[in-house]
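Asker: Sharing a structure with you now.
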Amino acid sequence: MPQVHWLMSNDDRVSVDVNEGTNLMDAAQFAGVAGIAGECGGCLSCATCHVYVDQAWLQACPPMGDVENAMLDVVIAPRTVQSRLSCQLIASKALDGVVLRVPQ
Ligand code: FES
């Protein structure tokens with residue numbers, strides 16, 4: 001089962017084993033990660049699941065779609081090259097150990 005780590009702005013960490021196929025917004029909510037609202041339920045219309053993927057894990061993430069790319073232009077926290085919407089990241093062996101920083 002892939003393990004996912006969320007880092008908070010105060011450097012608290014939440015680490016959880018996530019079933020393969022689960023999107024990482026749902027996983028964050030199930031784990032009680034603060035700051036991942038996921039208001040649209042993962043249908044790419046809210047951008048409240050914004051995370052910063054650790055640089056070392058960017059290449060392991062699936063390519064960004066056009067809608068996700070557009071939604072990242074309206075996130076509240078600054079967009080960076082590490083920005084992704086966590087509802088579009090799916091737990092998999094390739095992401096076992098992924099580190100996601102939650103915007104402040
Ligand atoms: Fe709404 Fe990800 S949960 S865009």
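Just so it is clear, none of the values below were taken in a lab; they were calculated from the coordinates. This one's a predicted model, so the numbers in the text were calculated from it and none came from an experiment. Glycine gets a Cβ as well: all are built from the backbone with ideal geometry, and neighbour counts include every protein chain shown.
Asker: Step by step: first the residues of the stretch 17-41, then only those that are crowded, with 18+ Cβ neighbours inside 10 Å and aliphatic (A, V, I, L, M), then the one that is farthest from the chain's Cα centre (by Cα). Which residue is that?
Answerer: Only one residue tops the list, namely V18.
Asker: Okay, moving on. Got a number for residues in the stretch 47-72 being away from the ligand (no atom under 11 Å from the Cβ) and charged (D, E, K, R)?
Answerer: Matching residues across the stretch 47-72 total 2.
Asker: Taking the condition of being part of a loop (DSSP other than H, G, I, E, B) and in contact with a Phe, Trp or Tyr (Cβ under 8 Å, 6 or more places away or on another chain), how many residues in the stretch 66-95 meet it?
Answerer: 2
Asker: Follow-up. For the stretch 23-46, state whether one or more residues are within 14 Å of the ligand (Cβ to nearest atom), in a strand (DSSP E or B), among the aliphatic types (A, V, I, L, M) and within 16 Å of P2 (Cβ to Cβ).
Answerer: no
Asker: Another question, then. Could you tell me whether any residue of the stretch 73-86 is near the ligand (Cβ under 8 Å from one of its atoms), surrounded by 14 or more Cβ atoms within 10 Å (Cβ to Cβ) and either within 13 Å of the chain's Cα centre (by Cα) or among the charged types (D, E, K, R) (or both)?
Answerer: Yes, that holds for at least one residue.
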